[in-house]
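All remarks here apply to the structure that follows.
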């Protein structure tokens, strides 16, 4: 077995993922938990990290590179922001050292768009971007990164020019759980209704202004015509993703679109792009963040 | 004091309002409570009604006309729907008698739009419409009725041709309380920020596809530029109302717009219409429903 060279951590709002990595990028060990920023803020970031380091048998002195909300103001150590237009290479250079630790721990900064007409921030996705595009990406790119807060990023020549965050995932969550539509989706099983999803995507994509009406139709449609809870859930999902695509694709992309996503989100967004006849190249979100963290480790410690 | 001729009740999902009315439409007594359909379903509709009749001193035998969710399937007695294109006069004719009562009690039906591409229902608003337009309205009308579930109605020659429901009020509620934006609005006071509201209306009205992004900007804007919780609340409100107006006004209205609303909603929607330079005629929502119930009472009992 090869020797570990560094430790990579993706520390989000509600999730923690750690990888023990060798010089060639192979993963030697891995940890996943729900001790994201929210939980770690109470337990102590150092305490959480130490317990995972022990569990994975990390040797003393191995350096650690971290991305995500651990670098937020409410996180462990504030890692600030690189400002747009943001060179991806600057992310590597502006990593912040966590002081008073018995090993070298660095947290990567986020990216901020200080435009009063479109203020925006990301933290964690910049590392996925780095991994997806590479530090010296010469081409134009439009990158869609779905999630609780989806990001759409325009990059060119290794620089993030603009980006926009959409509350799609969080809206899906509260609309399905906390509104009158919760009755329509109650009891939804894993069964998928691809047709319901696709028609909802098309409807919202073509008439985004009607989003709040299309959502209500999930209820009135069930009342007047019946339909399964799963189909209601897929309609809510399709409406919100179609709305997001209408904005993300409002300006014709200069280049092909890159979708950075995993699992169910990857499947749904791929389907949504197919439905709107927009070709995309898909990259796994976790691959992308690990690759980004590897680039940072290589740049900082030459490992 | 003149003599009571009938009792009018607006029985919604979460509110109950009762008026004791004389032959000329004067209100002789009034009751308001939170015993809407939800509460009355548990307490018993008859029990709730009797207690308010006693409190207002209603004489035996006075007839009662009711509109709203008391006529829903989960309500007291299902009053069905008039289907679009729905003559307003049909609402009066299809009132349902509540059986087994010691006085004449009628519940007015709702309106359903059985269009698989735009299924929709209303219950209670049809009576407001009746009051706002009159039973023999000859003109074209576009009526905006804001609320938890806002209704936009196209009527012509006394007939409801089409309508659409928008979940605007409910979305405002869950987005402000249950998402990351709850931090941005925490501690908001009664103070208003008219400018924040107006710019949010314009932004969403002009680029409705970006609604989920404009909502996120409430947070990122506060993070990067500061701003009060009240201003954050007004931005959420303005974004969602601007989105609704973008849909409601997508097709140029054939006639002037009528706004049926009261209180704070009346103020906000009036401001939103002003901001988008759309003239509206405003009618109080409660006046409208009382007038509609009076028309029903007159038509049924000639009182």
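Only the coordinates and a few stated rules stand behind these numbers; no lab work does. Note that the coordinates shown come from a computational prediction; the quantities given were computed from them, not determined experimentally. Note that each Cβ is placed from the backbone with ideal geometry, even for glycine, and that neighbours are counted across all protein chains shown.
Within a 10 angstrom radius of the beta carbon, how do A:210, A:273, B:172 rank from fewest other beta carbons to most?
B:172, A:273, A:210
For residue B:303, place a label point 7 Å out from Cα along the Cα→Cβ vector, do the same in each other copy, and report the separations in nm, one decimal, smallest first.
Values, ascending and in nm: 8.5.
Ignoring everything except DSSP H segments at least 4 long, calculate the 222 nm mean residue ellipticity for chain A; use -39,500 (n - 2.57) per segment, divide by total residues, nearest 500.
Mean residue ellipticity at 222 nm (helix-derived): -13000 deg cm²/dmol.
Just to confirm the number: angle between the C-alpha axis of helix B:194-206 and the first principal axis of chain B, 0 to 90 degrees, nearest 10?
With both axes taken from Cα atoms, the answer is about 90 degrees.
Would you look at the GNM of chain B, springs on alpha carbons closer than 10 Å, and say which of B:56, B:201, B:121 moves the most?
Residue with maximal mean-square fluctuation among B:56, B:201, B:121: B:56.
Report the relative contact order of chain B, percent, no decimals, based on alpha-carbon pairs under 8 angstrom and at least 6 residues apart.
Here the relative contact order equals 16 percent.
Would you look at the GNM of chain A, springs on alpha carbons closer than 10 Å, and say which of A:128, A:266, A:217 moves the most?
Ranking A:128, A:266, A:217 by mean-square fluctuation puts A:217 first.
If a/c stays under 1.5 just call it rounded; otherwise compare a/b with b/c (prolate if a/b is bigger, oblate if not). Do that for the protein assembly as shown, with a ≥ b ≥ c from the square roots of the Cα gyration tensor eigenvalues.
prolate
Between residue A:206 and residue B:252, what is the label-to-label distance in nm when each label sits 7 Å out along the Cα-to-Cβ direction?
2.3 nm
Provide A:286, B:126 in ascending order of the number of other Cβ atoms located within 10 Å of each residue's Cβ, fewest first.
Lowest to highest Cβ neighbour count: A:286, B:126.
Just to confirm the numbers: residue A:100, label point 7 angstrom along the Cα-Cβ line, distances to the other copies in nm, shortest first?
7.3
What list do you get for B:120, B:287 if you sort them by fewest beta carbons within 10 Å?
B:287, B:120
Once the label point is set 7 Å along the Cα-to-beta-carbon vector, what list of distances in nm do you get between residue B:190 and its counterparts in the other copies?
5.4
What angle do you read, to the nearest 10 degrees and between 0 and 90, between the alpha-carbon axis of helix B:211-225 and the longest principal axis of chain B?
50 degrees
Taking every DSSP beta bridge with both residues inside the protein assembly as shown, roughly what % is antiparallel (nearest 5)?
Antiparallel bridges: around 65 percent, rounded to the nearest 5.
Under a GNM of chain A (C-alpha, springs under 10 Å), which listed residue has the highest mean-square fluctuation: A:232, A:138, A:89?
A:138
For region A:168-283, taking Cα atoms only, what is the radius of gyration to one decimal and the Dmax to the nearest whole Å?
Expressed in Å, the Cα Rg and Dmax of region A:168-283 come to 14.0, 44.
Report, in degrees rounded to the nearest 10, the 0 to 90 angle that the Cα long axis of helix B:285-301 makes with the longest principal axis of chain B.
Rounded to the nearest ten degrees, it is 20.
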